[in-house]
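**Q** Before anything else, here's the structure in question.
The values are calculated or read from the model by the stated rules, or taken from the named source; none is laboratory data. Please read these numbers as outputs of a predicted model, since none were measured by experiment. Because the Cβ atoms are built from the backbone with ideal geometry, glycine has one as well, and the counts that use them run over all protein chains shown. What goes into the accessible areas is simple: the full protein's heavy atoms, side chains included, and nothing from ligands, DNA or RNA. Shrake-Rupley method; radii C 1.70, N 1.55, O 1.52, S 1.80 Å.
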Amino acid sequence: MDFLGDGDGALAGLRASANPGVAPRWLPPLVQLATAVVLFRRGDWDDALAEADAGLLAAEEADLRLGVFWPYAIGALVASARGQQGLAHEWLDNSRVLAVEGVLGRDWLAYAHAIVGEADGETEQAASLLAFTADRIIDARAPAFLLNIGADTVRLALTTGQRDVADRVIGELCGVATKTASPVAAAVAGWTGGLRAGDHAAVEAAAQRLVDCRRAREAARAHHDAAVL
């Protein structure tokens with residue numbers, strides 16, 4: 001439902017699914033972590049951080065390993081967006097205690113490292129990390145995961161002269177958009193295509209679609225990209 005731009009429906013479904021009387025002990029923390037993701041995308045950052053903190057504690061108690069990278073990524077991204085680079089690095093440093101390989105959310109953590117690094121002025125390293133992460137996602141044949149990192153991957157690839165990376169990611173995103181009615185997928189495909197073409201109107205149109213989907217952070221970044229173009 002979140003993928004289809006219905007964050008309200010996603011939140012309602014998540015909250016209804018975690019009935020402590022019938023749910024297995026690992027489900028409530030997973031629901032809290034997923035709720036944090038939806039709230040983060042909507043721009044409800046304080047609520048997202050509260051859910052992330054609660055989800056981390058509950059995940060530890062339930063020995064849950066699935067999705068545990070999400071809250072660290074969200075914490076780092078929120079802190080960086082608020083200009084709190086020291087706190088952003090604390091979130092990333094804390095994530096290193098997780099001795100878990102190949103779990104859901106590792107792409108989010110790589111994305112957070114890249115965005116925090118870019119804010120530190122490490123543009124080349126951020127571009128390389130996102131390009132590597134995008135390649136891993138594409139090689140795993142899971143292109144829908146590019147919806148989270150695709151726009152910044154393309155933007156930084158173009159900034160650093162890696163047009164082949166940008167073209168590959170855009171091609172995958174366009175493929176996702178043709179196979180679904182998701183307005184989010186259409187917006188991200190239009191956003192990245194507009195970046196590649198230098199078409200500010202296309203990026204602005206994508207930003208408005210993201211506003212309509214209540215994807216506050218992505219909409220703001222798309223509006224900014226359109227302004228830069």
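**Q** Find how much the distance from Val211 to Asp139 grows on full extension, using 0.36 nm per residue of separation minus their present alpha carbon separation; answer in nm with one decimal.
**A** On the way: separation 72, 0.36 × 72 = 25.92 nm, distance 3.09 nm.
In short, 22.8 nm is gained.
**Q** Sequence gap at least 6, Cα distance under 8 Å: using those rules, report the relative contact order of the chain to the nearest whole percent. Walk me through the numbers before you get to the answer.
**A** Working: 336 pairs, mean separation 36.4, N = 229.
Worked out over the chain, it gives 16 percent.
**Q** Given the convex hull over the Cα atoms of the range 30-150, what projected area results after averaging over all orientations, in nm²?
**A** On the way: hull surface 28.3 nm².
If you wrap the Cα atoms of the range 30-150 in a convex hull and average its projections, you get 7.1 nm².
**Q** Below 13 angstrom from the Cβ of Ser80, what's the summed charge of the other residues (Lys, Arg +1; Asp, Glu -1)? Can you show the working numbers first?
**A** On the way: positive: Arg82, Arg217, Arg221; negative: Glu90, Glu118, Asp120, Glu122, Asp152.
Within the 13 Å Cβ shell, the charges total -2.
**Q** Might you report the magnitude of the Cβ-based charge dipole of the chain about its Cα centre, with Lys and Arg at +1 and Asp and Glu at -1, to the nearest 20 debye? Each step should come with its number before you reach the end.
**A** Numbers: 20 positive and 30 negative charges, 103 e Å.
Using only the charged Cβ atoms, the result is roughly 500 debye.
**Q** Please report the carbon-and-sulfur percent of the accessible area for the chain; probe 1.4 Å, protein heavy atoms only, DNA, RNA and ligands left out. Present the calculation step by step, with values, prior to reporting the outcome.
**A** Values: 5680 of 10550 Å².
On the chain, the fraction of accessible area on carbon and sulfur atoms equals 54 percent.
**Q** Right, another one. Grab the eigenvalues of the alpha-carbon gyration tensor for the range 104-155, scale each by 5, take roots, and send me the semi-axes largest first in whole angstrom. Walk me through the numbers before you get to the answer.
**A** Details: eigenvalues 69, 21, 15 Å².
Value: 19, 10, 9 Å, ordered largest first.
**Q** So what's the gap between the Cα centers of the range 1-60 and the range 173-196, to the nearest angstrom?
**A** 26
**Q** Counting only the heavy atoms of the protein chains, how much of Leu56 is accessible to a 1.4 Å probe, in Å² to the nearest 10?
**A** 40
**Q** Okay, helix-only estimate at 222 nm for the chain: each DSSP H run of n ≥ 4 adds -39500 (n - 2.57), divide by all residues, round to 500 deg cm²/dmol; what do you get? List each step's numbers first, then the result.
**A** Numbers: 12 runs with 171 residues, N = 229.
Taking each H run of at least 4 residues, the total per residue is -24000 deg cm²/dmol.
**Q** Next question. Roughly how many Å² is the accessible area per residue of the chain, as a whole number, for a 1.4 Å probe? Intermediate values should be presented prior to the final figure.
**A** Working: 10550 Å² over 229 residues.
Accessible area per residue, the chain: 46 Å².
**Q** Stretch Asp164-Thr178 to full length: gain in nm at 0.36 nm per residue minus the Cα-Cα span? Walk me through the intermediate numbers first.
**A** Values: separation 14, 0.36 × 14 = 5.04 nm, distance 2.12 nm.
Taking 0.36 nm per residue and subtracting the Cα distance, the gain is 2.9 nm.
**Q** Let me ask another. Suppose the chain between Leu229 and Leu57 were pulled fully straight at 0.36 nm per residue; how much longer would it get relative to their current alpha carbon spacing?
**A** Full-extension gain reported as 57.6 nm.
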